[in-house]
Amino acid sequence: MNVKYALAGIIVAALSAPVLAQSSGTTSTPRIDKRQAEQEKRIQQGESSGQLNAKEAARLDKGQAHVQKVENKAVADGSVSKKERRHIEHAQDQQSRKIYRQKHDKQTATR
């Protein structure tokens with residue numbers, strides 16, 4: 001009886017190993033994802049504090065969606081190359097500068 005369980009365990013482990021190896025590849029972009037979330041939070045905070053008006057926030061959200069689209073395209077083939085990662089991070093840098101500029105300009109939301 002124990003031999004059957006051991007054999008079943010070996011088979012399950014052998015079949016799941018390629019799946020685990022595939023999921024732990026370079027498709028993971030936790031640093032990029034975390035930064036995206038932080039930038040989204042900055043936009044929401046700016047909108048709630050009145051530093052950003054609705055039009056500015058919408059424009060910044062559209063920029064964030066563009067960065068996400070670039071990331072999704074990079075991940076689609078199963079791995080993110082260094083060149084793709086640099087491209088995404090450059091887009092995030094630009095977006096971060098835009099968020100800063102919009103939050104610190106003279107325009108504010110009317111209440």
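Every number in this text was worked out from the coordinates using simple rules, so none of it is lab data. Remember, it's a predicted structure, so these values are computed and weren't measured experimentally. Cβ coordinates were reconstructed from backbone atoms using ideal geometry, including for glycine residues, and neighbour counts include every protein chain displayed.
See the values below:
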| quantity | calculated |
| --- | --- |
| Considering residues of segment 82-111 that are farther than 19 Å from GLN45 by Cβ and touching a residue at least 40 places away in the same chain (Cβ under 8 Å) only, the residue surrounded by the most Cβ atoms within 10 Å (Cβ to Cβ) | ILE88 |
| Residues located in segment 28-73, provided they are hydroxyl-bearing (Ser, Thr, Tyr) and within 17 Å of THR110 (Cα to Cα) | SER48, SER49 |
